[in-house]
1. I'm checking my understanding of the structure. Among residues of the stretch 592-610 that are outside any loop (DSSP other than H, G, I, E, B) and of a type in the set (S, T, N, Q), which one is surrounded by the fewest Cβ atoms within 10 Å (Cβ to Cβ)?
2. How do the strands (runs of 3 or more DSSP E) wholly within the stretch 172-277 filter down when requiring 1 or more residues that are charged (D, E, K, R): which remain?
3. Any idea how many residues of the stretch 255-275 are surrounded by 17 or more Cβ atoms within 10 Å (Cβ to Cβ) and within 23 Å of residue 32 (Cβ to Cβ)?
4. Pairs under 7 Å by beta carbon, first residue in contact (Cβ under 8 Å) with a residue 12 or more places away in the chain and at positive phi in the stretch 114-138, partner buried (at least 20 other Cβ atoms within 10 Å of the Cβ) and not in a helix (DSSP H, G or I), six or more apart or different chains?
5. Conditions: (1) open to solvent by less than 30 Å² (accessible area, probe 1.4 Å); (2) closer than 27 Å to residue 717 by Cα. Residue 372 meets all but one. Number of the miss?
6. When you go through 203, 183 one by one, which is the residue that is touching a residue at least 40 places away in the same chain (Cβ under 8 Å) and within 22 Å of residue 240 (Cα to Cα)?
7. If a residue has to be open to solvent by 50 Å² or more (accessible area, probe 1.4 Å) and among the small types (Gly, Ala, Ser) to count, how many in the stretch 470-501 make the cut?
8. Kindly check whether there is at least one residue in the stretch 281-299 that is open to solvent by 20 Å² or more (accessible area, probe 1.4 Å), among the small types (Gly, Ala, Ser) and under 25 Å from residue 583 (Cα atoms).
Amino acid sequence: MAFDLSCLNPEQLKPVLDTEGAVLVTAGAGSGKTRLLIHRIAHLIEDLGVSPYNILAITFTNKAASQMRGRLEDAIGPQRGLWVSTFHSMCASMLRSYAENIGYNAKFSIYAEAEKERTLKRIIREKNYDDDLLKPAASAISSAKNAGFDPDEYAAAFRFQKDVDLICDVYALYEKDLKTNNAFDFDDLLLKAYYLLKNVPEAAEYYTERFRYIHVDEFQDTNVIQYKIVRTLAAKHGNVFVVGDEDQSIYGWRGASIDNINDFRKDFNCKLYKLEQNYRSSEKILDAANRLIKNNSSRIKKVLWTDRKGGDEPELFPAPAENHEADFVASKILSLVRSGKYTFSDFAVLMRLNALTRSFEEKFIQYGIPHKVFGGFKFYERKEIKDILAYLRIAVNPFDNEAILRVINFPKRGIGEAAQKRLTDYCAQKNRSLFECIIDVEQNPDIPAAIAKKVAPFGEIIEWLIVQADGEGLCGLMRGLVRTLKIDEAFGEDTDENESRKQNIRELIASVEQYEIANKGATLSDYLQNVSLYTDLDEMNEDEGCVNLATVHSAKGMEFRVVFVAGLEDGIFPVSRASSLDSDMEEERRLMYVAVTRAKEKLFFTYSNSRFMYGERKNTVASRFLQELGFGVQRRASMYGEYNESRRNAFAPVVRPAPPPSPVKNAAAPVSGIKPGARVRHRKFGLGSVLSVSGEHGNTYAEIEFEGVGKLVLSINYAPLEVVE
């Protein structure tokens with residue numbers, strides 16, 4: 001693009017031209033803030049004659065920094081000396097220049113997470129602390145550095161935290177180890193750069209003099225140390241320009257502080273500009289977004305608007321259960337694709353928890369919809385899921401050495417790589433399976449007693465599992481396995497990652513329950529074969545792109561023509577822990593706002609009146625956010641059952657699948673001739689027999705028993721089926 005200020009709207013132009021002093025631009029979703037930043041920097045250089053050497057632009061990701069540099073070059077050509085950088089890259093450069101002033105060598109190493117974890121693991125073992133201290137210690141050390149706390153300060157601030165004395169001991173030893181090895185971790189890059197600016201006058205003078213014009217993108221995502229660095233760099237000239245949207249501050253769990261916006265206004269007595277014109281979404285979608293976010297008190301009031309008047313009203317679909325919810329989304333996507341106006345890449349299904357992707361992944365495979373999980377693994381590829389399934393594989397085939405080695409130390413039993421190698425070497429020498437060795441390990445004089453003592457409990461679990469698999473139902477077996485493995489203890493630390501893992505395992509139990517209900521008398525082998533078909537994804541045709549399945553966090557910054565926001569039940573979105581604190585609830589509402597503002601043309605909300613959670617099927621309560629979005633939803637649990645007209649009237653508006661128009665490539669056409677007793681072929685599952693056919697919601701469904709898969713209920717209108725003569 002060429003540099004031309006005339007392409008800016010009046011809201012954008014005012015802060016671009018206001019170049020002296022502190023400026024805060026609160027930029028609503030889709031309001032063109034990146035264009036604003038590019039043109040402001042170009043204006044400083046081209047119109048005001050400011051040297052690129054005196055300009056700093058900071059953003060959060062390498063990708064964003066690269067895009068900003070590219071767009072600046074397109075506008076005004078390469079600019080020697082201009083710093084467009086991430087926070088971490090900027091701080092690393094500062095430290096390289098002045099490392100010796102704070103007792104380091106300029107050739108210092110930077111520890112990534114793997115090096116950090118290895119160092120902490122060694123320290124913990126040398127101190128004879130429990131291995132389970134590793135993750136809480138790593139998390140606490142990162143939080144401490146982002147807040148600017150040394151070990152003593154962290155101990156004082158969090159004196160009631162579990163194991164805080166041990167964690168701070170590890171923290172102190174870790175810092176000593178880093179110094180000895182002339183190394184920084186990623187959090188150190190920020191903390192030590194701030195220390196440099198505050199304690200080395202030569203460095204402070206150089207950088208505060210050089211950077212006369214400072215720009216910060218995504219300011220709402222800054223943490224305490226990042227804001228302190230910005231404030232220090234701007235101390236001399238005061239020309240600091242920050243762009244952000246407090247309504248999209250959704251990373252409080254990783255240290256981002258929404259208070260930085262209020263502190264900036266107070267510390268700099270800044271000028272405030274609002275960008276409220278949205279270039280992404282239709283008017284009806286923005287109306288919903290504005291209705292929602294006005295319920296937050298910790299914000300600067302703004303109202304998004306657009307020239308794109310009208311548009312489709314956002315729609316709500318309440319489902320009896322999660323499989324119905326996924327069925328609605330799949331059929332709606334196929335209906336819109338068949339219209340010829342959309343391709344699969346135009347769609348996103350957003351959710352609060354990644355555990356909810358499972359029912360959508362399975363339904364998309366059933367209907368032949370190409371899809372990907374954006375920013376994460378597909379459900380059956382997640383580590384904790386593969387671990388639980390490995391136990392089930394052992395129950396069916398105890399001689400599966402790969403499965404045994406996968407879970408011999410899950411949950412942690414202190415059976416490390418050295419002990420595992422000792423066992424596998426012994427088995428190779430004696431021509432025995434691992435299973436045979438493990439079940440009588442304590443009676444084996446060739447295995448060291450220390451190893452045998454740790455392995456024996458694992459052997460007992462395997463023997464118990466084999467016995468249970470013979471007599472227990474599938475869902476009962478799965479629940480019993482999760483209890484026996486003490487999964488809640490294994491993932492006991494209160495972190496988002498652990499909660500996500502536990503939710504994934506609960507969702508796996510739900511999948512077993514659904515399979516068992518649909519396939520009475522099915523064996524564990526049947527179930528594992530069924531799962532294997534959902535993990536073999538080679539057949540997906542991605543020529544026309546994929547539907548995106550994503551958590552809202554991972555979708556921030558993206559946009560789609562059509563968005564489904566799924567799982568809108570209290571306890572899921574908002575998450576259950578948010579109910580106790582207003583600040584947590586406001587962050588959940590901001591997260592919903594981000595989800596809503598990803599949509600350009602069409603927006604759908606879905607929830608289930610019943611969901612399998614915490615080991616049992618429960619009635620749910622519709623998310624409080626639905627009322628705030630403008631839907632007349634009765635916020636009480638509804639009895640599980642079929643749709644009916646009185647039920648429909650309790651929830652408005654309600655969307656029902658419509659018969660599709662003509663088919664296009666990748667979308668299966670409705671099949672005629674499907675009736676009870678007919679033989680059909682599915683693109684993924686092969687041959688099957690039609691057991692029954694029924695009509696519902698303008699759609700026709702068939703219950704089909706597939707060989708090696710079991711029973712599935714599929715829409716004849718959408719499933720990739722053909723009648724076999």
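1. Applying the filter and picking the extreme gives 610.
2. In the stretch 172-277, the matching strands (runs of 3 or more DSSP E) lie at 183-185, 271-275.
3. Step one: of the stretch 255-275, the residues surrounded by 17 or more Cβ atoms within 10 Å (Cβ to Cβ) are 255-258, 260-261, 264, 268, 270, 273-275.
Narrowing the set further to residues that are within 23 Å of residue 32 (Cβ to Cβ) leaves 256, 258, 260-261, 264, 270, 273-275.
The qualifying residues number 9.
4. Close Cβ pairs (under 7 Å, with a partner that is buried (at least 20 other Cβ atoms within 10 Å of the Cβ) and not in a helix (DSSP H, G or I)) do not exist here.
5. Exception for residue 372: condition (1).
6. Every option except 203 fails the conditions.
7. 1
8. Within the stretch 281-299, one or more residues are open to solvent by 20 Å² or more (accessible area, probe 1.4 Å), among the small types (Gly, Ala, Ser) and under 25 Å from residue 583 (Cα atoms).
The values are calculated or read from the model by the stated rules, or taken from the named source; none is laboratory data. Being a predicted model, the structure only gives us computed values, none of them experimental. Backbone-built Cβ (ideal geometry, glycine too); neighbour counts: all protein chains shown. Side chains included, ligands, DNA and RNA excluded: accessible areas come from the protein's heavy atoms. Shrake-Rupley method; radii C 1.70, N 1.55, O 1.52, S 1.80 Å.
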